[in-house]
Every structure is written in structure tokens, then in C-alpha cells.
Amino acid sequence: MRSSFAFVARLGLLASVLVTGASCNTTTAPSFDNSQITPLVFTTQTFAGSLPVNGSLFYSIVVTQQGPVSLMLAAVQTPGGAALTTPVGIGVGVPAGTGCPRTQSQTTPPGLAAQMTVTLNPGTYCAAVYDVGNLSGAVNFAMRITYP
Amino acid sequence: MVRDVSIRVCLSATLLTVLAVSGCSELGPTTPQGPGINNPIVVKPFSGTLPLKGVQFYSFTVTTGGTTMLTLVDAKENGVTTEALITIGLGSPRGTQCLASNVLSVKSGGKPQVSGPTGKGVHCAVIFDPGNLTSEATFLVNIAHPQ
């Protein structure tokens, strides 16, 4: 009886030592090599032109790093230079045929903050501006495209 | 007689070895050839109207590398095939244009007039009037590119 008790006691002690040893290792924060991280370098292009009624125009870009691509429709104006708040369509796609089939798009008035931001892999893409049916005459526009 | 058979066996063995090493069999190639050589070709018709001194371009995506060929199949001014030289070329879409690196002024014909290597990615075929047209022209360019 006594030897059984001693055996159980030793077993318990061994178990507690194992548990303690397993759970009380010193923890250290994971380390990684910062030199492996490539900082994103952004390019900004201005895409400006005259958008006809029911028209669509696009601008091709080459994204060299995966990252955010932002479109800012900065201004829409009459040919005479008067500012307009008319919403027009903007979008992103891949050039194909004679156009820019859009994979993402939205309708937006001009403004001084990016209206669309999408994350893209390296490759050739296009940014489009198009009339969604709001124009009664051709307008001038300016869009800022920022991409890595 | 025995010697003839030995020679034939030896020659056959040598031939089989050479064929095996070179990747050939009676049924054709057995090993992959160079990139782009056996890739399926897609032919896309690029047609439109070219204004005087105007430019038009057509973008296409290549998923495997290979050679792309352009043929100005037809160009007409006022419905009549023109003898004017028109420039066609291969390049990459940049900004609002097709930045061409390989161009040639040609008359319409049945054979490919411009060809060049196209790697994986988006490319474009461009046609423009260098100043030879006397009126706008309708055109058809066939773009034969690897998939």
C-alpha cells in the first residue's frame, strides 16, 4: 500500500515537472529579416482628356509590385473651363481589343480624394473614364492614377 | 549471314539510341520543344476606320510566350484597295497609346508583314497613317498570337 502511494506520488511529481517544463519556456518575439521586405514605390500619372457623350477613354499602366492602385477623378469641366459636379464612371480593367473591359467600376463626382482603390498584382492594367449617361455635351476631365 | 544480322541489330540499336536521346520517335517529338514553338495560335481580326494621319490600336493578352505575326489583310480608301503604305506595328499599351517597338510600313497583302517575340503579358497591335492616305481608310489587320 505504501509502495503504491509512493509510486503514485513519484508519477505525479514527474508529470508536474514535465508540464512545467513544457509550458514555462522563455518566449521570444518572432524575428524576421527586414531586408526581405521591398518597400512599395508609387508612380503617379495624370490622365486628362475630353470625354464625349456616351464615350469611354482609358489609360494603360504597368503595375510592377502587388499593391494598392488608386484613382482620383480630380476634375470634370466644361470645354470652357467651368467646374462640374456631374458624376461619371471610373474603373479598372485589363486592356483588350480596342477598349478597357472593366473588372471594377463605380460612378462618382469629381473630388480631391481617391474615389477608388483596388489591390492589383503586377501586370498591365487600364484605368477608364466613361459617361454613364449623365453628359449632355463633351467634358474635360483630369484623373490621377497612383500605382506601385 | 550471322555477321549481317549482327550489323543490322547493331545499327538498329544505334539508331534507336540516337532517336531516344534526341527525343524523337516514329510518332513524332516525345520531349517538349522550346517555349512558344508548339503553343496554339489565336488569330484575332482587328478592323476599323483609320482617319487621315490617325492611329488605332488593339490590345491582346499572351499567356504563353511565342511569336506574334501581323498581316495587313486589307486597306481601302473610298471602297477601293489602296496602294498607300500604312504602318503597322507591335508594342505594349502605355498611357493612351500603344508604344510600338517593331513597326513597318506596308501595303495590304496575304502574308504576315510584321512579327516579333511576345512574352507573357498584355501586348498591342497598332496601325497608323504616316501621311500617305488621301482619305480615311477602312482596314483589317489579322493578329496571330500565341495563347
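None of the figures in this text is laboratory data; all of them are computed from the coordinates on show. This is a predicted model, so every value here is computed, not measured. As a convention, Cβ positions derive from the backbone with ideal geometry for all residues, glycine included, and neighbour counts pool all protein chains shown.
Computed values, structure above
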quantity: Placed amide H near residue A:120: partners under 5 Å, 5+ positions off or other chain; calculated: A:67, A:69
quantity: Counted charge near residue B:77, where neighbours are those whose Cβ lies closer than 15 Å (Asp, Glu -1; Lys, Arg +1); calculated: -1
quantity: Spacing of the two label points (7 Å from each Cα toward its C-beta) at residue B:47 and residue A:138, in nm; calculated: 2.8 nm
quantity: Local electrostatic count at residue A:96 - Lys and Arg +1, Asp and Glu -1, tallied over other residues with Cβ under 13 Å; calculated: +2
quantity: Theoretical FRET efficiency, 1/(1+(r/R0)^6), r = Cβ-Cβ of residue A:96 and residue A:35, R0 25 Å, to 0.05; calculated: 0.05
quantity: Summed residue charge, Cβ within 13 Å of residue B:145's Cβ, Lys/Arg positive, Asp/Glu negative; calculated: +2
quantity: Calculated FRET efficiency for the pair residue A:85/residue B:111, C-beta based, R₀ 41 Å, to 0.05; calculated: 0.15
